Amino acid sequence: MSTLDLPGQLAVLPLAHCAGVAGPAAGPYPDRLKPILSLAAHAEAMTEISEWPGYAPTPLVNLAGMARAAGVGAIHYKHESSRFGLGSFKALGGAYAVLRLLKKEILRRTGQDASSRDLIDGKFADIVSGITVTCATDGNHGRSVAWGAQTFGCKCVIYIHATVSEARREAIARYGAEVIRTTGNYDDAVRTADVDAKAHGRFIVSDTSYPGYTDVPRDVMQGYSVMVEEALRQWPETQPPTHVLIQGGVGGLAAAVCAQMWERLGNKRGRFIVVEPDRAACLYASALAGAPTAVHGDLDTLMAGLACGEVSLIAWEVLEAGTSDFLTIPDAAAVTTMRLLADSPFGDTPVAAGESAVAGLAALLMACSRPQMAATLGLDSDSRVLLFGSEGATDPELYTKLVGRSAEAVEAQPEARS
């Protein structure tokens, strides 16, 4: 089916084959999921975020040449590298959750409903300056929380785990946050941040939910929904996407995309497919088990933003109901895909995509070069695929090492080669 053949093994798990898991559900978006994510809550997020300084929709890149090479009808890639200057979609989530948290504290203490502009202008600085937000991060979420704290005037402490690069640490510290490196993996850093927050009276702004902690992760996910509305407005095809492939992680991004597409498009939302690194596949494991399931170990994957071993519980509620398939890919496939986007051998606009951004595209290309898997996923010449390129080169040194030149050099190319 395809002229592309990426290295490594692709694992495909149709949710219908999993015992104890009911999805994917037919019909309209269920009312039972609206307290988690909804168009009504999205409207508030859209209003707030679109008024932030520097807001602009990110581009939806048409990869027509790659679509022809892969044997599908269309591939459109939402390129998040320019989001608020932070380099990733995470700018929408963490900062929005910081805003929501501060607004709630101001309302609790004063009875007043503050706006983004009020906080940016320092109207409640006497309250906000005494609040400290904190979280654990692989890099991008912590950068967003730190930027939100700086923008709205509160303090910030961010925890990173052992394998987070120095470049990512510096990128967070640039926004005035105190950055603490811990031993262990991402989930260990989450636990350390939680213990320290309780000891020091800090407010946790996590992108993953767990028992007793759901409100803030819900706000984070609702912030991500802004990206989905932009993509649907930009969608150039006459018919909606037949397939959406999205990165996994803890599940927050995937759930935000799934819920927004489902509530807006109903049964026309297309096949929803979640993709993870084979070394950090907690959502795949959860689908296989029929319940949220952690994976353990060092989660040593190049796709640093997806190196998560524990599932966000509220995200899982959406994904269990709305996902068609769970896929895993090897690191080598992600690196090859980064190079394909940069080299643009099929005549498309060159794209500098980070290692976590390309998981969906890598899985798509792997499936298209394997006829049996393509058939399993319903991929053919009529397929219209929507992808969310969740980050640019957020670790510039690593990007240059993997691709062979800088992101600036890639996107400065005058025209792609055909």
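Surface exposure of the chain, expressed per residue as accessible area with a 1.4 Å probe, stands at 36 Å².
Looking at the range 90-205, what % of its DSSP beta bridges pair antiparallel, to the nearest 5?
On the way: 0 of 12 bridges.
About 0 percent, rounded to the nearest 5.
A simple packing score, the average count of other Cβ atoms within 10 Å per residue, orders the peptides 40-48, 59-67 as 59-67, 40-48, with the highest score first. Residue ranking by accessible heavy-atom surface, 1.4 Å probe, largest first, among Trp262, Trp235 comes out as Trp235, Trp262. Based on C-alpha pairs under 8 angstrom that are at least 6 apart in sequence, the chain has a relative contact order of 24 percent. Near Cys154: Cβ cut-off under 11 Å, other residues only, Lys/Arg at +1 and Asp/Glu at -1. The net charge is +1. Can you find, among Ser50, Leu39, Ala64, the residue farthest towards the positive end of the dipole of the range 36-180? Put +1 on the C-beta of Lys and Arg, -1 on that of Asp and Glu. So the residue we want is Ala64.
Restricting to bridges with both residues inside the chain, how much of the DSSP beta-bridge set is antiparallel, in percent to the nearest 5?
On the way: 9 of 40 bridges.
The answer is about 20 percent antiparallel.
Given the options Thr394, Ala162, Gln234, identify the residue whose Cα lies farthest towards the positive end of the charge dipole of the chain (+1 on Cβ of Lys, Arg; -1 on Cβ of Asp, Glu). After comparing all options, I get Gln234.
As a ratio to 2.2 N^0.38 Å, the alpha-carbon radius of gyration for the chain is 0.92.
When the dipole is taken about the Cα centre of the chain, and only Lys, Arg (+1) and Asp, Glu (-1) are charged at their Cβ, what size is it in debye, to the nearest 20? Kindly include the intermediate steps, with their values, before the conclusion.
Details: 35 positive and 46 negative charges, 100 e Å.
Dipole magnitude for the chain comes out near 480 debye.
Rounded to the nearest 20 debye, the dipole size of the range 184-322 about its Cα centre is 400 debye, using +1 on the Cβ of Lys and Arg and -1 on the Cβ of Asp and Glu.
Assign unit charges at the C-beta atoms only (+1 for Lys and Arg, -1 for Asp and Glu), then state the dipole size of the range 90-205 relative to its Cα centre in Debye, rounded to the nearest 20. Let's see the in-between values first.
Details: 17 positive and 13 negative charges, 44 e Å.
Computed about the Cα centre, the dipole is about 220 debye.
Taking the dipole about the Cα centre of the chain, with the C-beta of Lys and Arg at +1 and of Asp and Glu at -1, give me whichever of Leu245, Phe152, Ala287 is farthest to the positive side. Working it through, the farthest residue towards the positive pole turns out to be Phe152. So, counting K/R as plus one and D/E as minus one, what does the shell of residues with Cβ under 9 Å around Arg143 add up to? Net charge around Arg143: +3. Accessible area per residue was computed with a 1.4 Å probe on protein heavy atoms; Val295 scores about 40 Å².
Add -39500 (n - 2.57) for each DSSP H run of 4 or more in the chain, then divide by its residues: what number comes out at 222 nm, to the nearest 500 deg cm²/dmol?
-12500 deg cm²/dmol
Here each label is just a point 7 Å from Cα along the line to Cβ, and for Gln112 and Asp126 those points are 0.9 nm apart.
Counting charges near Leu265 (Lys, Arg +1; Asp, Glu -1) among other residues having Cβ under 14 Å from its Cβ returns a value of +3. The alpha carbon centroids of the range 269-325 and the range 234-268 are separated by 16 Å. Over the C-alpha trace of the range 330-418, radius of gyration and Dmax come out as 13.6, 39 angstrom. Measuring between alpha carbons in the structure, the pairs from Lys103/Lys123; Lys155/Lys198; Lys34/Lys104; Lys103/Lys155; Lys90/Lys123 lying more than 19 angstrom apart are Lys34/Lys104; Lys90/Lys123. Normalised radius of gyration (Cα atoms, divided by 2.2 N^0.38 Å) for the range 90-205: 1.03. The value of relative contact order for the range 90-205, using C-alpha pairs under 8 Å at least six residues apart, is 28 percent.
The values are calculated or read from the model by the stated rules, or taken from the named source; none is laboratory data. Note that the coordinates shown come from a computational prediction; the quantities given were computed from them, not determined experimentally. Please note: Cβ atoms are built from the backbone with ideal geometry, for glycine as well, and neighbour counts cover all protein chains shown. Accessible surface areas use protein heavy atoms only, side chains included; no ligands, DNA or RNA. Shrake-Rupley method; radii C 1.70, N 1.55, O 1.52, S 1.80 Å.
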